[in-house]
Amino acid sequence: MIVCETINELRSIIRKRRRTAPEGIIGFVPTMGYLHEGHASLMRRAKDECGYAAASVFVNPLQFGPNEDFDRYPRNREHDIALAEASGVDLLFMPSLAEMYPEKPLTKVLIGQVSERLCGASRPGHFDGVGLVVGKLFNLVQPDKAYFGMKDAQQVAVIRRMVDDMNFPVEIVPCETVREPDGLAKSSRNVYLNPEERRQAVILYETLEAAGRWMREPGVTASDLTSRIRAKIAEAPLADIDYAELLKYPDLTPPEPGADISRHPKELIVALAVKFGRTRLIDNRVFGSAGR
Ligand code: AMP
């Protein structure tokens, strides 16, 4: 695996790869590091499907709000290099802040509608920062396929719209969420949880499981469901709900009020963001239109 830190070096490695393997394709996994099994699953899939896997580790300040955890976001360079290498990554791009943003970017990437609710509402500007950095990384790496976790389902919807609207020549591949044995979605932020918060954090998974059962009940409405979902999360005394919503996926607009959710013709998402102490966790599940 090659580790590189500059854009010049990255571009020359990508050019060389294209020259020496003209028929080959490049898979890409952008991350913010502190890598875990969720990231590793994306990297292995990129390598399997593309034969050549590039990944990046960059904690992007533009997607953090002023009172968020940019400064204390966990970082571990040596561990990230080892995990990426063990997951089959061929090229790991680890740029500095100055390399990515020599000047404050004046360009804005605003992706409407799909970025307005959920994390877009509770973290204003978050998806503008995600859109800008992912757009830059796509221009730098020029991947054929890019792998994103459905743990961040709204991010998948936002990036897909950006790619479609702007004709980026890349296929977005959504990947299943990797979980701990008790169901908690793996996340770099799980290290912030104290033991009691960690124990109670499983309520997100349990709520998604319960929501799946409730959605099959004939006649159930969106407002019934959201109140049951909120009540279920409140069973964990340390849980502080940021949002708990039922929306259509991937457009992320609400289902018609009063509609029978068990017969809803479109995919629906139950999306949760819950704080435990200072740690905000997100999770979701997308329910297909058939066999709900
Ligand atoms: P992050 O480093 O949190 O920005 O995540 C980088 C990529 O890994 C994103 O596409 C995430 O959705 C994905 N990812 C993070 N956690 C998981 C997980 N538990 N399972 C699958 N993918 C994940």
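The values are calculated or read from the model by the stated rules, or taken from the named source; none is laboratory data. If you're wondering where the values come from, they're calculated on a predicted model, not measured in any experiment. Here the Cβ is made from the backbone with ideal geometry for all residues, glycine too, and neighbour counts use every protein chain on show.
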Open item on the list: Being small (Gly, Ala, Ser), under 17 Å from the mean Cα position of the chain (by Cα) and outside any loop (DSSP other than H, G, I, E, B) is the requirement here; does ALA271 meet it?
Closed with: yes
TODO: Scan region 34-56 for residues that are within 8 Å of the ligand (Cβ to nearest atom) and either closer than 14 Å to VAL134 by Cα or buried (at least 24 other Cβ atoms within 10 Å of the Cβ) (or both) and jot them down.
DONE: LEU35, HIS39, LEU42
- [ ] Search region 143-173 for residues being among the acidic types (Asp, Glu) and in a helix (DSSP H, G or I), and hand back the single one that is nearest to the ligand (Cβ to nearest atom).
- [x] ASP152
TODO: Please work out if GLY88 is buried (at least 18 other Cβ atoms within 10 Å of the Cβ) and small (Gly, Ala, Ser).
DONE: yes
- [ ] Collect the residues in region 95-110 that are over 19 Å from the mean Cα position of the chain (by Cα) and of a type outside the set (D, E, K, R), keeping them in residue-number order.
- [x] PRO95, SER96, LEU97, ALA98, MET100, TYR101, PRO102, PRO105, LEU106, THR107
TODO: Identify, from the list ILE7, ILE25, the residue that is more than 16 Å from LEU137 (Cβ to Cβ) and more than 16 Å from the ligand (Cβ to nearest atom).
DONE: ILE25
Open item on the list: For the structure I just gave you, tell me whether SER227 is part of a helix (DSSP H, G or I) and without any contact (Cβ under 8 Å) to a residue 12 or more places away in the chain.
Closed with: yes
Task: Subset of region 123-142 [within 13 Å of the ligand (Cβ to nearest atom) and surrounded by 20 or more Cβ atoms within 10 Å (Cβ to Cβ)] - done: HIS126, PHE127, VAL130, VAL133, VAL134, LEU137
- [ ] Answer yes if at least one residue in region 234-242 is in the same structural domain as ALA222 (by TED's automatic domain parsing), in contact (Cβ under 8 Å) with a residue 40 or more places away in the chain, in a strand (DSSP E or B) and over 25 Å from GLU196 (Cα atoms), and no otherwise.
- [x] no
Task: Pairs with Cβ under 6 Å, 6+ apart, first in region 177-201 and closer than 19 Å to MET43 by Cα and of a type in the set (Gly, Ala, Ser), second in a helix (DSSP H, G or I) and within 13 Å of the ligand (Cβ to nearest atom) - done: ALA185/LYS151
